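A quick write-up on the structure given underneath.
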Amino acid sequence: MKVAVAGCCHGALDKMYETLELLQRRHNVRLDLLLCCGDFQAVRNEADLRCMAVPAKYRHMQTFYRYYSGEKKAPVLTVFIGGNHEASNHLQELPFGGWVAPNIYYLGYAGVVRFRGVRIGGISGIFKSHDYRKGHFECPPYNQQTIRSAYHVRNIEVFKLKQLKRPIDIFMSHDWPRSIYHYGNKKQLLKMKSFFRQEVESNTLGSPAASELLQHLKPTYWFSAHLHVKFAAFMQHEANSKEELPKATKFLALDKCLPHRDFLQQIIDVEHDPNAGDSLEYDAEWIAVLKATNSLVNVTQSSWNMPEKNGLHAKWDYSVTEEAIKEVLEELNHDLKIPCNFTLTAACYDPSKPQKNMEPVHTINPQTTEFCAQFGLTDINDRIQQAKEEGSGRGEYEEEEEEDMDSTGSAEEPSEYNSDHSGLSSFNPDEIMLDEEGGDEDLSTCSVDPSPDHPPEFSTSFSDIRIMPDSMAVSSDDAMDSNNEELEKSGGSKQVEEKSSTERSLKRIGGDENGNSGVKKIKRRNQAIYAAEDEDKTD
């Protein structure tokens, strides 16, 4: 079957679907599925806009509301994950996934589904170490902290995904797995994005949690977005045993979806089950994992590590047996079809009657209620509301957050992930910093792609086949390749690189986001990524 993969569409659904239809006519192909790797922006109304972590000048309604209201319907089944520029209040209604509009399905905080026998997984949000070990405690109306932390990846989601044993065909993340740039054409990447150089050479660009998942899941395809540049890599994994067959992952990072004719959609052919139906289906193993890990649900800001084999936990393996998977199938009478139970849960934007003062509210979505009741799961949003009613609500959370921020990186509470031990990952180089000058950041630029008249073959985009080491460490020849080539630096990146590496490390470990010079450097770095192009705004 033919699968189109899109990067950040930033709510411009009309333009995205129109471009897809143009490409189908031009190349005489029929698309079966569209995947979107975050920053989807399922904005229904003005209240949703206020829950989106972007500077005010980028809070535009765009066109999702037309699909939410039923005025339009997505012409192709669309499955997406969340990024760091979303209507977080809307997506929070569906922590286990669900329909945000007819024919448009959100995978949830993390999720796995099947379509025509193809197993598709994903994790929403971006990595930020000081929130990684917290529970999902946020709820609207958000404050300046929670509007950002709401989209940060949590260890519980990574832990659940690492319980999977069966092969994954396609996996999506918004930010890139850390170190992936060492397995593709790194020189070309740095030519297009020279301000990535320092993070690439220090191996701090991307998500360490995503790289852990990449090593564990070893999917056939892995798609990401976030950095607004197209980049391909090919990773050959080491076998865990003599009996295991060698596996490899084709990685593709996608540029932002452009609202004009030279927007290139990546279309790939994926082997599928010809006897499978055309409906999106639950994944039985994933449902079984959700049931097995239900007791681990946390809706507080308290930092905690997932169970591991370290002598502190009675149980650390939550992977499921074939018997548990069979029980799920029996519960569903072997009918895995995801019900088309989309429900309006908020008023839809009316251009003729704008409501600029509409306030966001914490909503429990009937889809989530039905899903949790069917499989005996805890409704996270219901638990949050209960906590608020019991006096453990928003005000106390805010006080706890300040205390927890101060303890970030403490050796007394190490992360369960080796790649996060250094403390460097408390600095997320991928994330746009929304400080008081956040309005300077622009999300409308992109790199130059080939013409859609001559899209390249997917396989020809990959280069530099390497074995992935367990540590995902930078090899010496990689560092030498980067150092041997002089690239032009933007004004912002020059100021970044004038600072010593020691100073950068200290500021990263401190995790200070309150306006120090480290934050200014991050912000300028992101300005380079999202340089202003006012004539081509889509955000």
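Quick notes on this structure:
- Estimated inter-spin distance, Asn185 and Glu323, nm [label 7 Å along Cα→Cβ]: 5.3
- Less than 5 angstrom separates the built amide H of Gly125 from those of Gly82, Gly83, His174, all sequence-distant by 5 or more or on a different chain.
- Judged by the mean number of other Cβ atoms found within 10 Å, the most tightly packed of the peptides 14-21, 98-105, 3-10 leads the ranking 3-10, 98-105, 14-21.
- Computed over the range 139-282, Cα set: Rg, Dmax in Å: 17.4, 53
- Taking all protein chains as they are arranged and a probe of 1.4 Å, the heavy atoms of Cys372 leave approximately 10 Å² accessible to solvent.
- The P(r) of the range 2-390 has a tail past 31 Å containing 34 percent of all C-alpha pairs.
- Here each label is just a point 7 Å from Cα along the line to Cβ, and for His27 and Asp14 those points are 2.5 nm apart.
- Beta-bridge orientation, the range 2-390: approximately 50 percent antiparallel, per DSSP, counting only bridges with both partners inside.
- Each of Ser303, Leu13, Ala233 was scored by the projection of its Cα onto the charge dipole of the range 2-390, and the greatest displacement toward the positive side belongs to Ala233; charges sit on the C-beta of Lys, Arg, Asp and Glu.
- Once the gyration tensor of the Cα atoms in the range 232-347 is diagonalised, the equivalent ellipsoid follows with semi-axes of 31, 25, 22 Å, ordered largest first.
- Distance in nm between pseudo-label sites at Ala373 and Glu238 (7 Å out along the Cβ direction from Cα): 5.0
- Cα gyration tensor shape of the range 78-197, rounded if a/c is under 1.5, else prolate or oblate by comparing a/b with b/c: oblate
- Per-peptide packing, taken as the mean over residues of other Cβ atoms within 10 Å, places 63-69, 222-228 in the sequence 222-228, 63-69 from highest down.
- Taking the accessible area of the range 2-390, probe 1.4 Å, and keeping the other protein chains in place, the carbon and sulfur fraction comes to 47%.
- When the listed pairs Lys2/Lys72; Lys2/Lys291; Lys186/Lys247; Lys162/Lys242 are checked against a 28 Å cut-off, the alpha-carbon distance exceeds it for Lys2/Lys291.
The values are calculated or read from the model by the stated rules, or taken from the named source; none is laboratory data. Values in this document were obtained by computation on a predicted structure and should not be read as measured data. Cβ sites come from the backbone with ideal geometry, for glycine too, and all protein chains shown count toward neighbours. The protein model used for the area step is the full one, side chains on, heavy atoms only, and it has no ligands, DNA or RNA in it. Shrake-Rupley method; radii C 1.70, N 1.55, O 1.52, S 1.80 Å.
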